[in-house]
1. Would you check which residues across the range 156-179 are at positive phi and modelled with pLDDT under 75 and list them?
2. Show me the strands (runs of 3 or more DSSP E) entirely contained within the range 1-105 in which 1 or more residues are modelled with pLDDT of 80 or more, more than 30 Å from GLY129 (Cα to Cα) and of a type outside the set (A, V, I, L, M).
3. Only residues that are surrounded by fewer than 22 Cβ atoms within 10 Å (Cβ to Cβ) and among the acidic types (Asp, Glu): list them for the range 259-281, please.
4. Find the residue count for the range 282-300, including only residues that are surrounded by 15 or more Cβ atoms within 10 Å (Cβ to Cβ) and out of contact with any strand residue (DSSP E or B) (no Cβ under 7 Å at 6 or more places or on another chain).
5. Looking only at the range 301-344, count every residue that is touching a residue at least 60 places away in the same chain (Cβ under 8 Å) and outside any helix (DSSP H, G or I) and tell me the total.
Amino acid sequence: MAYCIHSSAHKNECDDPHNTCKGICINTEGSYTCSCPHGSFGDGTKEGTGCTRKSEKIPLFQLILGFGFGFVFLLVGSSWLYLTAKKRKLMKLKEKFFQRNGGLLLKQQISSLEVAIKKSKIIDGSQLGQFINEVIILTQISHRNIVKLLGCCLETELPLLVYEYVSNGTLSQHLEKKSGAISSLCWDDRLRIAAEIAGALSYLHSAHLIPIIHRDVKSANILLDEKYTAKVADFGLSRLSPLDQTHINTLVQGTFGYLDPEYLRTSQLTEKSDVYSFGVVLIELLTGEKPISFERAEAQRNLAEYFTVSMKQKHLFELVEVGIRNEENAEQVQAVAEVANRCVNLKGEERPSMKEVAAELERLRGFKRHTLVQLQQSNEEIMTSESEQVELSAIPSGASREYSLEMEMLTVHFKMHADQALYIWFGILI
């Protein structure tokens with residue numbers, strides 16, 4: 001229906017039924033003009049293009065352009081969200097990894113040296129005391145299997161300790177079973193790590209002017225470098241043990257599952273408290289299980305108790321992690337399990353010292369190396385013997401007698417020298 005605008009009193013051409021205007025009709029003298037309303041285009045007449053709303057017909061290039069911009073915006077937006085979420089998750093993982101009882105370890109680059117900075121989160125008198133205690137302890141220690149303190153700053157609002165950066169996470173993380181997967185640590189690595197930890201604790205207990213009791217030995221406080229070398233860390237709860245005292249009466253502190261039951265009951269801290277905690281770490285290395293788990297049956301929740309019962313019932317290999325359960329390792333695994341069982345004895349006086357534990361673990365490592373060397377030598381001897389047999393079979397028949405006489409003379413000559421050497425050696429002994 002046309003819109004009519006009257007311009008005079010004469011005949012209105014817009015009212016003419018034969019008028020072909022479909023848009024806005026403006027009457028003029030003897031005629032009219034036709035146009036389209038706002039928002040549409042065309043000549044407005046029936047015979048012509050009529051009127052078409054602009055929104056009803058969008059050019060193809062505008063449509064493609066719109067879709068293109070929309071896709072790019074969606075891609076950029078989703079990428080930004082993904083990277084932000086990934087960065088946030090990575091930061092949380094780093095914070096979780098570097099979390100250390102009352103402090104936060106942050107990786108920093110100082111000059112060309114990578115270091116870990118331990119920064120206290122909340123400061124009160126006791127925590128400041130722990131920081132100072134850690135500084136005092138670590139300034140007296142130098143051992144390849146103990147994390148090195150490089151410096152400290154106690155004048156800042158948040159006290160800082162600067163350590164060597166140990167890049168490969170904690171032993172606890174490497175033993176953790178993710179989605180049922182077996183730990184990547186092989187038996188040789190586990191035995192070596194155990195021996196290194198034992199050596200470090202033995203050093204703290206006996207190779208120092210004043211013995212040091214760590215008091216918080218656990219797999220989360222054992223750091224691993226890129227070569228899987230163990231580094232004992234976190235000395236915030238450690239105590240110097242005077243030589244004239246057999247124990248220290250102190251408030252019970254430590255981590256549940258690793259705490260010495262005797263220390264928990266009597267509040268008397270001794271070097272054997274560290275031995276018990278190390279025994280739990282040793283059981284972790286054997287089983288790959290957490291020291292406390294509510295996912296296990298009630299009788300199995302405490303790993304140390306579950307382990308000792310399994311040892312009594314001779315069910316050790318039902319508890320040992322599948323990845324290290326084979327005939328080649330069986331003898332060593334059994335021996336290490338017996339050491340662990342002695343370490344977690346409920347009576348401290350019946351536990352071995354860390355010096356004895358370290359010596360036994362090194363002996364077990366050396367025994368395997370010696371066995372491998374013997375096996376290699378045996379293989380070489382077999383190969384040499386086979387080679388000699390081949391060479392002898394290739395000797396011409398005419399030369400066999402000559403060759404036999406030569407060999408006989410060499411044998412006699414060798415025996416003479418051997419007898420002389422034996423006589424000289426025996427004479428030296430006398």
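1. Selection gives SER179 alone.
2. 24-28, 31-35
3. GLU262
4. Let us first name the residues in the range 282-300 that are surrounded by 15 or more Cβ atoms within 10 Å (Cβ to Cβ), namely 282-292, 300.
Narrowing the set further to residues that are out of contact with any strand residue (DSSP E or B) (no Cβ under 7 Å at 6 or more places or on another chain) leaves 282-291, 300.
So the count comes out to 11.
5. Number of matching residues: 2.
The values are calculated or read from the model by the stated rules, or taken from the named source; none is laboratory data. Being a predicted model, the structure only gives us computed values, none of them experimental. Ideal geometry is used to build each Cβ from the backbone, glycine not excepted, and the neighbour counts take in all protein chains shown.
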